[in-house]
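Okay, so here's the structure we're looking at.
Just so it is clear, none of the values below were taken in a lab; they were calculated from the coordinates. Computed from a predicted model, the values in this text were never measured in an experiment. Cβ coordinates were reconstructed from backbone atoms using ideal geometry, including for glycine residues, and neighbour counts include every protein chain displayed.
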Amino acid sequence: QLSPEELKAELSQIIAEVGASSPADLGKVMGVASKKFAGRADGKTISSLTKELLTRS
């Protein structure tokens, strides 16, 4: 399992890669993140951290 800090760092990279800029882009990020973190992170955790990062950016 990845720590929330590790997940945030990886998610920030994915957000930049897919060009996500708002919570409306959650689906784009989740598609990539779900595959990348399969078995290493919980979907709910990925989703909530992604929302947090997208809301801040």
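Quick look at the numbers
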quantity: Residue, nearest to Leu2 (Cα to Cα), within the range 33-57, restricted to residues that are of a type in the set (D, E, K, R) and exposed (fewer than 13 other Cβ atoms within 10 Å of the Cβ); calculated: Arg40
quantity: Pair list, Cβ under 7 Å, 6 or more apart: the range 20-39 residue in contact (Cβ under 8 Å) with a residue 12 or more places away in the chain, other residue among the basic types (Lys, Arg) and surrounded by 15 or more Cβ atoms within 10 Å (Cβ to Cβ); calculated: Ala20/Lys28
